[in-house]
Amino acid sequence: MSEKGHQMYEASLFKDKKLIKTPNLLDLESARKSFSWDKYWQEIETFENGKMNAAHNVIDVHSVGPNRNKVALYFEGDDGKTEKYTFGEMADLSNKFANVLKKLGVRRQDRVFYFLSRSPELYVSFIGTLKVGAIAGTMFPAFGEDALRDRLLDSGAKYLVTEEQLKERVYKVRDQLPELRHIIVVKKGADSSKGEICYETEMEAASSKFTIEKMDPEEYTYMLYTSGTTGKPKGVVHAHGGIVQQYLSSKWVLDLQPDDTYWCTADLGWVTGIVYGLMGPWANGISQVGYGGRFKPEAWYNVIQKYKVTVWYTAPTAIRMLMAAGDEVPKRYDMSSLRYLCSVGEPLNPEGVKWGLKVFGHPFNDTWWQTETGSILITNYPCMPIKFGSMGKLFPGIEGAIVDEEGKPLPQGAEGDLALKPGWPSMMRTIWKNEKRFNEYFRNGWYITGDTATIDKDGYFWYVGRADDVIKTSGERVGPFEVESALVEHPAVAEAGVIGKPDPLRGNIIKAFVMLKPGQKPSDELRETIQTFVKGKLAGHAYPREIEFVDSLPKTRSGKIMRRVLKAKELGLPIGDTSTLERD
Ligand code: WTA
């Protein structure tokens, strides 16, 4: 690009996107043309013989040299209490935790799980786990006993880090978890008579020196359970080598630069929290904010004002809730620090993008990815004009297409399955103990995302919907089968079918069609009892906000509930092919 062209390009960029800084990625298409992962591996420090450890890149490299005293984490608790940790302190604390695990006998690739509210201890123990070469597994604090049991049992986690307010839920299923050996409790909440280990006591006694385990890039870092159409949630497993892409996408997509203060609103129980609320930004040496409180528009704006957040990564449901709270609310706070905004998790309506522009002076930039992809693969970039409602373009080095049922790419403009050519560094390596399920993701050499989409003539991707029955509610991924299973465990319920019902605020809500057992009478009270029951088993976000009592459910002749028919009826759409429907 000529000097003049460059200037013009930048000038129009600054105008259209209100960019305050020159972006890290100036020209997407030329980056794509000359792209090779090897080139960016040069920016990731490794050990001898190709060994590495992502925790080294995330924390330790910054703890020596100029970033040692730079703040890595500003943590704002629910009570408004602020804590600050430098990269040097994070390195020392995570070393201590690694020593605690060593003392407890942890072995390489053992699973260490956390059932912990967002807290500095969660970040510290996560990094410490990677340092000993074990696999970290986060779980939402909102999980109920069944959700906990399924994850701890399937992963065979030997270590669990939890807290006083949450541990009782673990004890409800403790006797079903033969492999769980050590329960570490933070904030001095440990009961030694139960054999619980006190985090603070052990941390105090532990050395802050630790020799990090040298890992193969293919060895695992973290695993996260996520939902599909059928069966229980699956353990999606990621490897150390993914760090190169976590690093590069944070740099190019979130545009993180050394003097930024960045806030990712996602919980660490979700992949966004791990990859873009911990690993990627820290791999770039960026100061991050962690907020442990609940969602409240005032509290969120206060975080932005208090920490002078510059780059903000959030989700459409949160954006819609902020919009609903009214434009006067942010006016009461100083939002002038913000310079770049991104969104993920569900379709971002054009209204949301524009609202960002109106209220903060910056649009929200949509990003698309999945637990399985391990980092952002389709996205908007600071250097690219936004097409309202589009997810943006492929990340350099990634090949994508819209394919048909046989996995054959369709012509431009056609609607079909969104597919990606496997092999990018942050891609999941397997499904824990379920190679069969892992293999089911692939068709004719393509990784099939489960989403349907189209690509326009300029290479922009447009989201259409899910190809399967997975429900996205408030950005959280919920499988209908999990909810149906929890519902039928209730003594009054005979059968249940669950769908996602479009909702203006939450994207979708979970709707259940429930057939009661003989003698049971539908009532509002029973509806509420069932809702509370499911909440307790699964999670606060995974219960059916709507329950409709029905006399029968549409089923195939083999007895499978036809969610498609339920959904079509709910939406008043044609029911389609019902030739496999059960007939009496
Ligand atoms: C959906 C979240 C529309 C999609 C990081 C995907 C989106 C699923 C977007 C993955 C977006 C994510 N626009 N839909 N920008 N981003 N999704 O595993 O259906 O919780 O397959 O990962 O969220 O959800 P997951």
Filtered trypsin sites (Lys or Arg not before Pro), segment 71-134: DSSP coil and at most 10 other beta carbons within 10 Å: Lys81
Residue (of Met139, Ser485, Ser336) at the positive-pole extreme of the chain, dipole from beta-carbon charges: Ser336
Cα gyration tensor shape of segment 469-571, rounded if a/c is under 1.5, else prolate or oblate by comparing a/b with b/c: oblate
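Assuming R0 = 41 Å, what is the FRET efficiency of Glu415 and Leu26, from their Cβ-Cβ distance, to the nearest 0.05?
Approximately 0.80, to the nearest 0.05.
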Surface/4 of the Cα convex hull for the chain, nm²: 28.2
Longest exposed-site-free window of the chain, the sites being chymotrypsin sites (Phe, Trp or Tyr not before Pro) in a DSSP loop that have at most 15 other C-beta atoms within 10 Å: 48-294
Segment 44-82: GluC sites (Glu not before Pro) falling in loop per DSSP and having at most 14 other Cβ within 10 Å: Glu45
Antiparallel DSSP beta bridges within the chain, as percent of all bridges there, nearest 5: 55
Karplus 3J(HN,Hα) series, Hz, for segment 478-488 with 6.51 cos²θ - 1.76 cosθ + 1.60 (x for Gly, Pro): 10, x, x, 4, 4, 5, 4, 5, 5, 4, 6
Amide H partners (placed H, <5 Å) of Val309, local residues excluded: none
Percent of beta bridges antiparallel (DSSP, segment 469-571, rounded to nearest 5): 80
Members of Lys167/Lys433; Lys421/Lys535; Lys70/Lys194; Lys167/Lys521; Lys84/Lys172; Lys103/Lys251 lying beyond 31 Å, as alpha-carbon distances in this model show: Lys421/Lys535; Lys70/Lys194; Lys167/Lys521; Lys84/Lys172; Lys103/Lys251
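Report the GluC sites (Glu not before Pro) located in segment 207-308 that are in a DSSP loop and have at most 10 other Cβ atoms inside 10 Å of their Cβ, or state none.
Glu218
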Backbone HN-Hα couplings from phi across segment 52-65 [Karplus 6.51/-1.76/1.60, Hz, Gly and Pro as x]: 7, 7, 4, 5, 5, 6, 6, 10, 5, 4, 7, 7, 10, x
Given Lys354/Lys387; Lys234/Lys472; Lys188/Lys306; Lys517/Lys555; Lys387/Lys457, the pairs whose alpha carbons are separated by over 19 Å: Lys188/Lys306
Residue-averaged [θ]222 nm for the chain, counting only DSSP H segments that reach four residues, each worth -39500 (n - 2.57): -8500 deg cm²/dmol
Förster radius 35 Å - calculated FRET efficiency between Glu548 and Leu153, Cβ distance, rounded to 0.05: 0.60
Charge dipole magnitude, Cβ of K and R +1, D and E -1 - segment 469-571, Cα centre, debye nearest 20: 380
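Each value in this text was obtained by applying a stated rule to the coordinates, not by laboratory testing. Only a predicted model underlies this, so the values are computations on that prediction, with no experimental measurement involved. Using ideal geometry, Cβ is built from the backbone for each residue, glycine included, and neighbour counts are taken over all protein chains shown.
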